[in-house]
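Encoded as structure tokens, the structure appears first; notes follow it.
No value in this document is a laboratory result; all are computed from the given coordinates. For clarity, every value in this text was computed on a predicted model and none was experimentally measured. Cβ atoms come from the backbone with ideal geometry, glycine included; neighbour counts cover every protein chain shown.
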Amino acid sequence: MLVLPLALTLLAQSPTAPLEARLRHIIQSGAAEVAVAYRTLDGSRELFIDADTPFHAASTMKVPVMIELFRQARRGRLSLDEQLPVRNEFHSIVDGTPYKLSEGDDSDTEVYAAVGRSLTLRRLCELMITVSSNFAANLLIERVGVENVRRTVTALGADGMQVLRGVEDQKAFDKGMNNTTTARGLALLLDRIAHGTAVDAAADSEMLAILKRQKFNDAIPAGLPEGTVVAHKTGSITRIHHDAAIVFAAHPYVLVLLVRGIEDQKKSAALMAELSRAVYDATAH
């Protein structure tokens with residue numbers, strides 16, 4: 001009698017084995033490095049592919065910044081309605097030298113138009129997440145403290161997410177001092193938000209509503225049936241394209257897709273949409 005190795009036997013018995021085979025086939029055809037973290041909110045199914053491989057976090061690091069902002073608001077250390085002066089000057093973590101953000105390299109114009117005035121922390125958070133404003137992110141990181149962001153990430157158990165600095169710190173980038181994430185770490189943060197355990201039920205509900213207002217929907221949402229509610233955060237730089245989502249399908253789930261190595265973001269978005277469709281189809285059956 002043929003005896004299969006234990007690993008193969010377990011794989012054959014796994015309810016996600018067909019999905020994993022499908023995702024690996026799609027990934028192979030996409031000619032890119034891809035990490036996947038998938039878990040239903042009820043915990044009945046999960047699947048991880050290279051989920052502990054570090055990637056440049058790009059704008060997905062804005063999720064833990066939002067969590068820390070709401071955490072401090074709940075503890076009375078700040079108010080979301082607090083007015084924050086908008087100034088375009090930040091300091092490199094390498095040597096403290098000042099640098100400015102370029103409006104042409106950002107995805108938002110509202111914060112630049114507010115230089116010399118002020119915006120509420122709530123509005124800055126909205127812009128940081130929904131239109132991925134780098135300017136808003138840097139202002140909020142300075143307000144809450146990057147060390148506090150790191151401590152909260154660790155306390156939540158998402159060790160795969162490492163937030164070192166704000167955005168566009170060129171000196172730090174040149175030295176390889178970058179924000180990184182794993183698919184597993186980012187998925188854990190979204191799972192916490194979905195279950196109301198990132199901060200508390202009320203704060204997490206507010207954060208979920210912000211994530212649902214995301215304006216960039218060409219990746220995970222593009223692979224879903226029209227009208228499917230998705231709360232998610234994207235991130236992209238050269239040859240890096242990510243999407244991290246809570247998908248409110250009939251059986252809700254968290255899905256994180258990290259992609260490295262594709263120059264054309266239309267192609268990376270199409271790859272993620274195909275992976276998203278495969279996960280949705282598998283979850284629905």
inquiry  = Using only the Cα atoms of the stretch 112-263, what are the Rg and Dmax in Å?
reply    = 15.6, 47
ask   = So what's the angle, to the nearest 10 degrees on a 0 to 90 scale, between helix 201-212 and the longest Cα principal axis of the chain?
value = 80 degrees
task = Would you kindly derive the ³J(HN,Hα) couplings of the stretch 24-31 from the backbone phi angles with the Karplus curve 6.51 cos²θ - 1.76 cosθ + 1.60 (θ = phi - 60°), listing them in order in whole Hz, with x for Gly and Pro?
result = 5, 5, 5, 4, 4, 6, x, 6
key: Calculated [θ] (222 nm, deg cm²/dmol) that DSSP helices of n ≥ 4 give over the chain, each run adding -39,500 (n - 2.57)   = -12500 deg cm²/dmol
query = What residue among H91, H232, H56 shows peak mean-square fluctuation when the chain is described by a Gaussian network model with Cα springs under 10 Å?
reply = H91
query = What is the set of long-range amide H partners of H91 at a cut-off below 5 Å, with H atoms built 1.01 Å from backbone N?
reply = Y99
task = Measure nothing but the geometry: give the 0 to 90° angle between the long axis through the Cα atoms of 62-74 and the longest principal axis through the Cα atoms of the chain, rounded to 10°.
result = 60 degrees
remark   = Of the listed pairs K100/K212; K175/K266; K215/K266; K62/K100; K171/K212; K62/K171, those with alpha carbons more than 25 Å apart are K100/K212; K175/K266; K171/K212
query = Mind checking which of L186, L258, L121 has the largest fluctuation in a GNM of the chain, springs on alpha carbons under 10 Å?
reply = L121
task = Determine the dipole magnitude for the stretch 54-179: charges of +1 sit on the beta-carbon of Lys and Arg, -1 on that of Asp and Glu, nothing else is charged, the reference point is the Cα centre, and the result goes in debye to the nearest 20.
result = 520 debye
inquiry  = In Å, what Kirkwood hydrodynamic radius results for the chain from the alpha-carbon pair distances?
reply    = 19.4 Å
key: Total formal charge among the other residues, if their Cβ is under 12 angstrom from that of V259, Lys/Arg +1 and Asp/Glu -1   = -3
task = With springs only between Cα atoms under 10 Å apart, run a GNM on the chain and tell me which of E126, E274, E103 wobbles the most.
result = E103
key: Folded to 0 to 90 degrees: helix 121-130 orientation relative to the chain principal axis, Cα   = 40 degrees
Diffusion coefficient, µm² s⁻¹, Stokes-Einstein with Kirkwood Rh over alpha-carbon pairs of the stretch 231-285 at 37 °C and 0.692 mPa s = 281 µm²/s
note = Out of N148, L208, M66 - ranked by how far each Cα lies towards the positive end of the dipole of the chain, with unit charges on the beta-carbon of charged residues - the top one is N148
task = Would you mind estimating how fast the stretch 54-179 diffuses translationally, via Stokes-Einstein at 10 °C and 1.306 mPa s with the Kirkwood radius over Cα pairs, in µm²/s?
result = 108 µm²/s
task = Kindly put D169, D243, D204 in sequence by how many other C-beta atoms sit within 10 Å of each C-beta, fewest to most.
result = D204, D169, D243
